[in-house]
Amino acid sequence: MKNILILGANGRVARIVRDKMQTKNDVHLTLFLRNASRIKVINNEREQVIEGDVNDSERLDSVMKGQDVVYANLVGDMERMATNIVSAMSKHHVHQLIWVTGSGLYHETPEPFGSWVEKTVGHETKENTRRAAKVIEGSSLNYTIIRAAYMTDDKEINYELTHKGELFKGTMVSRASIANLVVTILDMPQSYSRMSLGIAKPGTEHSMPPAP
């Protein structure tokens with residue numbers, strides 16, 4: 001049985017991942033979120049819901065023991081949360097982390113989309129996510145960072161990946177595509193260990209997301 005801790009379990013991508021994992025008999029999910037009433041347990045033998053805040057290091061530490069994988073789908077003070085997660089995982093010898101964030105961590109996003117990202121997210125917020133990535137990449141974890149383009153609710157699964165050091169391609173991607181990548185990584189973790197992957201829909205590089 002693989003024990004997976006989902007942080008920010010009510011996020012839209014996380015909910016898709018959760019639904020996909022329900023088809024797997026060898027998985028147990030711990031669904032961690034700030035308001036537990038937002039989620040109802042589907043199968044008591046296969047998942048549990050725990051209320052808590054990733055900013056609360058003691059609470060996070062209490063749910064980390066016995067986990068095999070941490071999948072983080074978060075918003076907020078990313079540097080602080082990354083620090084807490086890495087610390088708790090290291091303490092309890094949990095090695096695999098999947099971290100979903102936005103594009104532009106390495107100033108790899110070409111114009112005009114690069115400027116759009118900075119303006120939409122906010123410079124200070126983006127700098128915080130960059131520091132969070134440095135915390136993760138500086139750890140000994142088998143991490144996979146997913147740098148997503150602007151997320152849409154399209155049902156289509158269609159995406160291409162770029163690696164750290166490569167120019168980011170595309171401007172938009174469906175949440176279904178991101179969830180598909182997360183599940184793929186969960187199934188084949190060794191193939192994605194210590195990677196930072198950009199994800200976007202092919203052919204969108206000449207389109208801009210809708211105005212925020």
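The values are calculated or read from the model by the stated rules, or taken from the named source; none is laboratory data. Note that the coordinates shown come from a computational prediction; the quantities given were computed from them, not determined experimentally. Note: ideal-geometry Cβ built from the backbone for every residue, glycine included; neighbour counts use all protein chains shown. For the accessible areas, the whole protein counts, side chains as well, though only heavy atoms, and no ligand, DNA or RNA atoms are used. Shrake-Rupley method; radii C 1.70, N 1.55, O 1.52, S 1.80 Å.
Would you please name the residue that is nearest to Y71 (Cα to Cα), looking only at residues in the range 184-212 that are of a type in the set (V, I, T) and either crowded, with 21+ Cβ neighbours inside 10 Å or in contact with a strand residue (DSSP E or B) (Cβ under 6 Å, 6 or more places away or on another chain) (or both)?
Initially, the range 184-212 is screened for residues of a type in the set (V, I, T), giving 184-185, 199, 204.
Add one more test, that the residue is either crowded, with 21+ Cβ neighbours inside 10 Å or in contact with a strand residue (DSSP E or B) (Cβ under 6 Å, 6 or more places away or on another chain) (or both), and what stays is 185, 199, 204.
Working: I185: 10, I199: 17, T204: 27 Å.
Among those that are of a type in the set (V, I, T) and either crowded, with 21+ Cβ neighbours inside 10 Å or in contact with a strand residue (DSSP E or B) (Cβ under 6 Å, 6 or more places away or on another chain) (or both), it is I185.
How about the range 169-178: which of its residues are outside any helix (DSSP H, G or I) and touching a helix residue (DSSP H, G or I) at 6+ places or on another chain (Cβ under 7 Å)?
Across the range 169-178, the qualifying residue is only T171.
When you look at E118, is it open to solvent by less than 50 Å² (accessible area, probe 1.4 Å), within 28 Å of G203 (Cα to Cα) and touching a residue at least 24 places away in the same chain (Cβ under 8 Å), yes or no? First the steps, then the outcome.
On the way: open to solvent by less than 50 Å² (accessible area, probe 1.4 Å): yes; within 28 Å of G203 (Cα to Cα): yes; touching a residue at least 24 places away in the same chain (Cβ under 8 Å): no.
Taking the combined requirement at face value, the residue does not satisfy it.
Determine which member of the set E124, E156, E166, E108 is open to solvent by 50 Å² or more (accessible area, probe 1.4 Å), assigned to a loop (DSSP other than H, G, I, E, B), of a type in the set (D, E, K, R) and over 30 Å from Q22 (Cβ atoms). Break it down into steps so the answer makes sense when it comes.
Numbers: E124 fails: assigned to a loop (DSSP other than H, G, I, E, B); E156 fails: over 30 Å from Q22 (Cβ atoms); E108 fails: open to solvent by 50 Å² or more (accessible area, probe 1.4 Å).
None of the other options fit; the residue is E166.
Of all the strands (runs of 3 or more DSSP E) wholly in the range 1-90, which have at least 2 residues that are surrounded by fewer than 20 Cβ atoms within 10 Å (Cβ to Cβ)? Talk me through it step by step, then tell me what you get.
Working: elements: 2-7, 27-33, 47-51, 69-72.
In the range 1-90, the matching strands (runs of 3 or more DSSP E) lie at 2-7, 27-33, 47-51.
From the list L181, L161, exactly one residue is free of Cβ contacts under 8 Å to residues at least 60 places away in the same chain, in a strand (DSSP E or B) and in contact with a strand residue (DSSP E or B) (Cβ under 8 Å, 6 or more places away or on another chain). Which is it? Steps first, answer last, please.
Values: L181 fails: in a strand (DSSP E or B).
That would be L161, the only listed residue that is free of Cβ contacts under 8 Å to residues at least 60 places away in the same chain, in a strand (DSSP E or B) and in contact with a strand residue (DSSP E or B) (Cβ under 8 Å, 6 or more places away or on another chain).
Residue check: is Y106 among the hydroxyl-bearing types (S, T, Y), on the phi < 0 side of the Ramachandran plot and in contact with a Lys or Arg (Cβ under 7 Å, 6 or more places away or on another chain)?
On the way: among the hydroxyl-bearing types (S, T, Y): yes; on the phi < 0 side of the Ramachandran plot: yes; in contact with a Lys or Arg (Cβ under 7 Å, 6 or more places away or on another chain): yes.
Yes.
Take the residues in the range 93-103 that are out of contact with any Lys or Arg (no Cβ under 9 Å at 6 or more places or on another chain) and in a loop (DSSP other than H, G, I, E, B); name whichever of them is least open to solvent (accessible area, probe 1.4 Å). Quick ask: steps written out before the conclusion?
At the first step, the residues of the range 93-103 found to be out of contact with any Lys or Arg (no Cβ under 9 Å at 6 or more places or on another chain) are 93, 95-99.
Going one step further and asking which of them are in a loop (DSSP other than H, G, I, E, B), we end up with 93, 95.
On the way: H93: 136, H95: 107 Å².
The qualifying residue least open to solvent (accessible area, probe 1.4 Å) is H95.
Output yes when any residue across the range 135-144 is out of contact with any helix residue (DSSP H, G or I) (no Cβ under 6 Å at 6 or more places or on another chain) and free of Cβ contacts under 8 Å to residues at least 12 places away in the same chain, and no when none is.
yes
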